[in-house]
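Working notes, structure below.
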Amino acid sequence: MSNDYLFLRACRGEEVERTPIWIMRQAGRYMQEYRDMRAKHTFLELCKTPEAAVEVTLQPIDFLGVDAAILFSDILIVLEPMGAKLAFHEGRGPVIDPPFRTLADIEKLRVIEPEEDVPFVMDTLRLLRKELEGRVPVIGFSGAPFTLASYMIEGGTSKAFIQLKSLMYKERAAFDSLMTKLAKTVIKYMNAQIAAGAEAVQLFDTWAGILSPHDYIEFVAPFNKMVLDGLNRTVPVIMYANGSATLLKHLKAAGPDVMGIDWRINLDDAIDLLGGDIPVQGNLDPTALFLSREEIPKRAKEILDMGKKAPGHIFNLGHGVLPPTDPDNVKALVDAVHELSQK
Ligand code: CP3
């Protein structure tokens, strides 16, 4: 049965014969096969066409031999049916124009009905389950409310997040209203993914690490708790935030099954901070993949050794694989983790 997958057993903290590995952004521009698909379709077309999204999801499964597939989509996909205008501009990343900066803007937003508003995501998951049954499990995902709010308020990617933090500090009612709508959407969206066949889900709170622990607890933690409490907990839930070394125990308080760890903290220190009782996922610096193919296994070994302290370890990068990465180096990492962790 599919519950026996190595990745799922590691998520549950069960005995495993080797450490499973998958890679954040494992489908993407570092692969020639992906760039060929992108020459024919825009990014949003790929996300909204189940057959294309399935093809792209499978590219790294076939090439890398990773232990889990992640749905090909984007965290920002749910924002369109909520009422935002979303575009991806070449070289500039995502743009939300106009941005949401007042209570009046936010009141116009709606909570989505996933099967009606983003049916292509659930269709992609159903197709992926058929394709991958008996091979690897399928991970679904969503952005967390705060990370989604950051794009809505800033209008795109940001460096200092001045608009976001200004609204959060000065317009508490507007900020809370946005976070509540986003949390309700995320709950429905992730539960719909689980119903469509996602065998694990990851909540990306990529930008939570821009907050002090005080502000995370004050403004964000209640909404992450709301999300995790609202999920149908039949599959493992992974919580990931980038740059989150100082927030780990607060992120854990929301109640995930697995904690994703970025590379700015040694994995063994992260495990200690978390209390040593929760499986971890991570945490090689994505830039380490620019090292030689002799060096990469040494880096992998260090992390595998540190990961032994936790009740379960899923190997991953500390953030997404970078577009200029040599695909053969990514493959060298996957092979090294498979060989070095074999019991
Ligand atoms: O991990 C996977 O392989 C699954 C697919 C996936 C994508 N985005 C595909 C994508 C996932 C899980 C995401 C999550 C995502 N998207 C996050 C959270 C994780 C993280 O990386 O921090 C965030 C913040 C986004 C928002 C987003 N989408 C940005 C900022 C960008 C532009 C930056 C960039 O890398 O170009 C995207 C675009 C995007 N999402 C691409 C892919 C493959 C590149 C699109 C292209 O082909 O041009």
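Testing V201 on (1) in a helix (DSSP H, G or I); (2) within 15 Å of the ligand (Cβ to nearest atom); (3) within 26 Å of D285 (Cα to Cα); (4) of a type in the set (V, I, T), one condition comes back false. Which one is that? V201 satisfies all of (1) in a helix (DSSP H, G or I); (2) within 15 Å of the ligand (Cβ to nearest atom); (3) within 26 Å of D285 (Cα to Cα); (4) of a type in the set (V, I, T) except (1). Residue count for segment 38-54 satisfying the condition of being open to solvent by 30 Å² or more (accessible area, probe 1.4 Å), farther than 16 Å from G91 by Cβ and either away from the ligand (no atom under 12 Å from the Cβ) or of a type in the set (K, R) (or both): 4. Answer with yes or no whether D62 is crowded, with 20+ Cβ neighbours inside 10 Å, of a type in the set (D, E) and either closer than 30 Å to I278 by Cβ or more than 13 Å from the ligand (Cβ to nearest atom) (or both). No; evaluated as a whole, the condition is false for this residue.
Within 16 Å of the ligand (Cβ to nearest atom) and over 15 Å from the mean Cα position of the chain (by Cα): does that describe I162?
On the way: within 16 Å of the ligand (Cβ to nearest atom): no; over 15 Å from the mean Cα position of the chain (by Cα): yes.
Considered against the rule, which asks whether it is within 16 Å of the ligand (Cβ to nearest atom) and over 15 Å from the mean Cα position of the chain (by Cα), I162 comes out as no.
Just one of the listed residues (G155, G91) is surrounded by fewer than 23 Cβ atoms within 10 Å (Cβ to Cβ) and without any contact (Cβ under 8 Å) to a residue 24 or more places away in the chain, namely G91.
Tell me whether segment 68-77 contains one or more residues that are without any contact (Cβ under 8 Å) to a residue 12 or more places away in the chain and either open to solvent by 40 Å² or more (accessible area, probe 1.4 Å) or closer than 30 Å to N3 by Cα (or both). Give the derivation first.
As a first pass, look at segment 68-77 and keep what is without any contact (Cβ under 8 Å) to a residue 12 or more places away in the chain: none.
Checking segment 68-77: not a single residue is without any contact (Cβ under 8 Å) to a residue 12 or more places away in the chain and either open to solvent by 40 Å² or more (accessible area, probe 1.4 Å) or closer than 30 Å to N3 by Cα (or both).
Take the conditions open to solvent by less than 20 Å² (accessible area, probe 1.4 Å), touching an Asp or Glu at 6+ places or on another chain (Cβ under 8 Å) and over 22 Å from D272 (Cα atoms) and apply them to V220. Does it pass? Here the answer is yes, as V220 does meet what is asked.
Count of segment 184-222 residues, restricted to those that are within 30 Å of N3 (Cβ to Cβ) and either at pLDDT below 95 or more than 16 Å from the chain's Cα centre (by Cα) (or both), is 7.
Taking segment 123-151 as the search range and keeping residues that are more than 14 Å from the ligand (Cβ to nearest atom) and over 13 Å from E199 (Cα atoms), which one is surrounded by the fewest Cβ atoms within 10 Å (Cβ to Cβ)?
Going through segment 123-151, the residues more than 14 Å from the ligand (Cβ to nearest atom) turn out to be 123, 126-127, 129-135, 137.
When the remaining residues are screened for being over 13 Å from E199 (Cα atoms), the result is 123, 127, 131.
Details: D123: 18, L127: 19, E131: 15.
Filtering first and then ranking leaves E131.
Condition test on D272, is it open to solvent by 50 Å² or more (accessible area, probe 1.4 Å) and either among the polar types (S, T, N, Q) or under 19 Å from C11 (Cα atoms) (or both)? Yes; evaluated as a whole, the condition is true for this residue. Restricting the first member to segment 37-51 and to residues that are over 14 Å from L71 (Cα atoms) and among the hydrophobic types (A, V, I, L, M, F, W, C), and the second to residues that are near the ligand (Cβ under 9 Å from one of its atoms) and part of a helix (DSSP H, G or I), the beta-carbon pairs closer than 8 Å and six or more apart or on different chains are M37/L46; M37/V56. Restricting segment 208-220 to residues that are part of a helix (DSSP H, G or I) and touching a Leu at 6+ places or on another chain (Cβ under 8 Å), which is farthest from the ligand (Cβ to nearest atom)? Checked segment 208-220; the qualifying residue farthest from the ligand (Cβ to nearest atom) is P213. In segment 223-243, the residues that are under 15 Å from V258 (Cα atoms) form Cβ pairs under 6 Å with partners that are among the acidic types (D, E) and surrounded by fewer than 20 Cβ atoms within 10 Å (Cβ to Cβ), at six or more places apart or across chains, as follows: P236/D257; V237/D257.
Search segment 305-343 for residues being touching a His at 6+ places or on another chain (Cβ under 9 Å) and open to solvent by 10 Å² or more (accessible area, probe 1.4 Å), and hand back the single one that is farthest from A69 (Cα to Cα). Talk me through it step by step, then tell me what you get.
Step one: of segment 305-343, the residues touching a His at 6+ places or on another chain (Cβ under 9 Å) are 306-307, 341.
Among the residues that remain, those that are also open to solvent by 10 Å² or more (accessible area, probe 1.4 Å) are: 306, 341.
Details: M306: 25, S341: 20 Å.
Among them, the one singled out is M306.
Taken together, E116, E154 contain a single residue that is at negative phi, within 16 Å of the ligand (Cβ to nearest atom) and at pLDDT 95 or above, which is E154. Once segment 20-36 is narrowed to residues that are of a type outside the set (A, V, I, L, M), near the ligand (Cβ under 8 Å from one of its atoms) and in a loop (DSSP other than H, G, I, E, B), the residue that is surrounded by the most Cβ atoms within 10 Å (Cβ to Cβ) is Q26.
The values are calculated or read from the model by the stated rules, or taken from the named source; none is laboratory data. Source: prediction; values computed, not measured. Counting neighbours? That spans all protein chains shown, and the Cβs are built from the backbone with ideal geometry, glycine included. For the accessible areas, the whole protein counts, side chains as well, though only heavy atoms, and no ligand, DNA or RNA atoms are used. Shrake-Rupley method; radii C 1.70, N 1.55, O 1.52, S 1.80 Å.
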